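Notes for the one structure printed next.
The values are calculated or read from the model by the stated rules, or taken from the named source; none is laboratory data. In this text the structure is predicted, and so the values were computed from the model without any measurement. No Cβ is skipped: glycine too gets one built from the backbone with ideal geometry, and neighbour counts run over all protein chains shown. Keep in mind that these areas ignore ligands, DNA and RNA; they rest on the heavy atoms of the full protein, side chains included. Shrake-Rupley method; radii C 1.70, N 1.55, O 1.52, S 1.80 Å.
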2 protein chains.
Amino acid sequence: MASPTIRDVAREAGVSTATVSYVLNNSRRVGEETRRKVIEAAMRLGYRANITARNLQASETRLLGYSWRPTPPDQFNPILDQFLNAIAQAAAHHEYHILTFPAETIEEELAIYQDMVLTGQVDGFILSNTNLNDERVRTLLKMEFPFVAFGRSNPEWDFAWVDVDGKEGTAMAVRHLVQQGYRRIAHLAWPEDSLTGQYRLGGYQAAMEEAGLGVDPAWIVRTENRHDDAYRRTRGLLELPRQRRPDAVVASSDLMAIGAINAALDAGIEVGKELAVVGFDDAPVARYLRPPLTTLRQPITEIGERLITMLVALCQGRRVDDPHVLLPPQLVVRASSGAG
Amino acid sequence: MASPTIRDVAREAGVSTATVSYVLNNSRRVGEETRRKVIEAAMRLGYRANITARNLQASETRLLGYSWRPTPPDQFNPILDQFLNAIAQAAAHHEYHILTFPAETIEEELAIYQDMVLTGQVDGFILSNTNLNDERVRTLLKMEFPFVAFGRSNPEWDFAWVDVDGKEGTAMAVRHLVQQGYRRIAHLAWPEDSLTGQYRLGGYQAAMEEAGLGVDPAWIVRTENRHDDAYRRTRGLLELPRQRRPDAVVASSDLMAIGAINAALDAGIEVGKELAVVGFDDAPVARYLRPPLTTLRQPITEIGERLITMLVALCQGRRVDDPHVLLPPQLVVRASSGAG
DNA sequence: TAGATGCAGTTAAACGTTTAAACAAATTGT
DNA sequence: ACAATTTGTTTAAACGTTTAACTGCATCTA
């Protein structure tokens, strides 16, 4: 039952525990004969060094904490699966593991961070969905504890992050729609306090201007990231007088794009012809929608790898060369934007 | 920077480290005055016991491992989000945490289990998506290492599991369809080697018999859990001669149900009237499909709680009262089955 | 009054590693 | 040929807890 310890191996090989450690970690010259004896003994007993003991001695945990707020039942998190996979996979390459802990509220989350830092539960944190004035960022910066973020926050705060270039993303969407012949392009934006929403709106505005297209103020619709809000507001857009009625919608998420599609369907408007719709995220279901949804895919795997590489460096006290990484999303063209 | 240790607290309070430990863990009678001094000193220094040290001494990790195979890009895992939340939340209540580690292949996964057991990385495992002759179950049973499974396996293997009653689920779906007036009900089943698929098929057959409805062999279609297969095979069903053509489909998953709906749409058949469709899982997107998808919701939160309660008991060497838990799914009726 | 009992605290070992320092033996340099 | 260096190994401390065993001391019991 009980696993063999380094002492058992030492006894079996007839050497000291130090020698066993040196051999197994290759951390010092050891005689050929002794090395052989140790390795054989370790093999024979099936010995593997106990991780807790090693961690205590090294005062590290090789654990990285990741927390996310549970998704409300009427929404979905299109990338959690991929993201968790990406960071766990990347962490494994550095011999780290991911510790997950969900928190219902922001206060609870902050308390857990405090706790974990003080009790030495993890070596660092991965944040996601950061926003302006993000309390988590503020707290961790103040504690000077290693962390990285998927998402940006206040520009004056100096911390390592990776983000998707949302501005470029919506700009790509608009350019694509313009190329398809659409002109009256609306934008389903997130509330003003969302930094990500600001970037995406910015890309829309920039690309519209670049294309020499005027923007009717009614075309910029701010709603929460909810299907029903997007649905309702899109119905509103479609009821605008003919001249002002949008012929395309760039949504800030696939969830909202689905709301827009459903609104058009229920209004008897053909999606992909009379109304083009573009989403954001490339949720797994996007390709199976009718019509299949044109959307912006985030390079989740690369994001995860970059984040972990930076975080591991921070945990080991190394400097991070380039702590601000902005990656472009990829436009995945499907029928909802009139192509094909 | 460095956190205070129990020695710092002891010095600050003018007592021994043992006393500090006794006070903070409430594990022994301690004088009122001394207790006060210790607590104040701990407060003053912001002391929290180091978890690694505590774990080493207790020879435990308070970590539970959970692994899942990454979802292929053309599929989706409708419940990972909820499930991870449920187990992490439940674990937290017992002061445990979830360690995630994805594995690409089954061999890799088995190797990782071995590794984690031998190095004492975790106290127990949570498996999901178990099947007949599941190598993970076999391995962990042989190692006599604590684990629980979301899903069943060979009946002769004695281990703790929680599962959704798939047989009852599809039976509920069939009864509901019969009540709605459908008679020629088909079933999109999983391959024969899928235990879960067997149960779901069994429920379909039982309920059809119970309703006194004959089953045309062509109505039982076996495919992988993929949209495109379900789509293709549903097209086939819809091309059957009028008398044999199904008027309803019970799918083994929401992903397959989406394939069926799309097949009907593309064949110009109205879903929810000419063809009813029922899915399984209640994926977050199910309610936003057109028509909204009738489906069977799994009680994920309860599953997670039950699993963790059992696993924690096993980790602490306690006996589990009822190690086999079968929970009924809940039929969520929406328009795709002709209701409303 | 001597012994037993209770109480409140301390000492020291233990958990299983790693690693700096010490040591003995073999090798090198002059 | 003797000191200096190198090589291979061991001893012992350290990481930060918990806890069994022990020590005084006061109180009770017969």
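The table for this structure:
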quantity	calculated
Test: residue B:224 is under 25 Å from the mean Cα position of the chain (by Cα), more than 14 Å from chain A (Cβ to nearest Cβ) and open to solvent by 40 Å² or more (accessible area, probe 1.4 Å)	yes
Exclusive hit being farther than 26 Å from residue B:300 by Cα and among the aromatic types (Phe, Trp, Tyr), set B:47, B:96	B:47
Qualifying residue in the range B:66-77 (condition: within 38 Å of the chain's Cα centre (by Cα), surrounded by 13 or more Cβ atoms within 10 Å (Cβ to Cβ), away from DNA strand D (no atom under 12 Å from the Cβ) and at pLDDT 95 or above)	yes
Residue match in the range B:54-76 (condition: within 10 Å of chain A (Cβ to nearest Cβ), out of contact with any helix residue (DSSP H, G or I) (no Cβ under 8 Å at 6 or more places or on another chain), basic (Lys, Arg) and more than 22 Å from residue B:304 (Cα to Cα))	yes
Answer residue from the range B:110-139, given it is more than 14 Å from chain A (Cβ to nearest Cβ) and not in a helix (DSSP H, G or I) and is nearest to DNA strand C (Cβ to nearest atom) among those	B:124
Cβ pairs under 8 Å, 6+ apart, first in the range A:158-176 and at pLDDT 95 or above, second basic (Lys, Arg)	A:161/A:152; A:162/A:306; A:163/A:152; A:166/A:200; A:167/A:200; A:169/A:200; A:170/A:200
Failed item, numbered, when residue A:119 is tested on (1) buried (at least 22 other Cβ atoms within 10 Å of the Cβ); (2) out of contact with any His (no Cβ under 6 Å at 6 or more places or on another chain); (3) of a type in the set (Ser, Thr, Tyr)	(1)
Search result, residues across the range B:21-50 that are open to solvent by 40 Å² or more (accessible area, probe 1.4 Å), within 12 Å of DNA strand D (Cβ to nearest atom) and touching an Asp or Glu at 6+ places or on another chain (Cβ under 8 Å)	B:45, B:48
Residue match in the range B:263-278 (condition: small (Gly, Ala, Ser), part of a loop (DSSP other than H, G, I, E, B) and under 30 Å from residue B:147 (Cβ atoms))	no
Some residue of the range A:179-198 being touching a helix residue (DSSP H, G or I) at 6+ places or on another chain (Cβ under 6 Å) and in a helix (DSSP H, G or I)	yes
Residues that are out of contact with any strand residue (DSSP E or B) (no Cβ under 6 Å at 6 or more places or on another chain) and assigned to a helix (DSSP H, G or I), drawn from the range B:199-211	B:199, B:200, B:202, B:203, B:205, B:206, B:207, B:208, B:209, B:210
Residues located in the range A:79-96, provided they are in contact with a helix residue (DSSP H, G or I) (Cβ under 6 Å, 6 or more places away or on another chain) and either assigned by TED's automatic domain parsing to the domain that holds residue A:283 or not in a helix (DSSP H, G or I) (or both)	A:79, A:94
Which numbered condition residue B:94 misses (of (1) over 27 Å from residue A:79 (Cα atoms); (2) open to solvent by less than 40 Å² (accessible area, probe 1.4 Å); (3) touching a residue at least 40 places away in the same chain (Cβ under 8 Å); (4) more than 10 Å from every other protein chain (Cβ to nearest Cβ))	(2)
Options A:18, A:13: the member that is surrounded by fewer than 16 Cβ atoms within 10 Å (Cβ to Cβ), within 13 Å of DNA strand D (Cβ to nearest atom), more than 14 Å from chain B (Cβ to nearest Cβ) and of a type in the set (Gly, Ala, Ser)	A:18
Of all residues making up the range B:140-166, the number that are assigned to a helix (DSSP H, G or I) and surrounded by fewer than 20 Cβ atoms within 10 Å (Cβ to Cβ)	3
Residue in the range A:97-107 that is more than 10 Å from chain B (Cβ to nearest Cβ), of a type in the set (Asp, Glu) and either outside any helix (DSSP H, G or I) or away from DNA strand D (no atom under 16 Å from the Cβ) (or both) present	yes
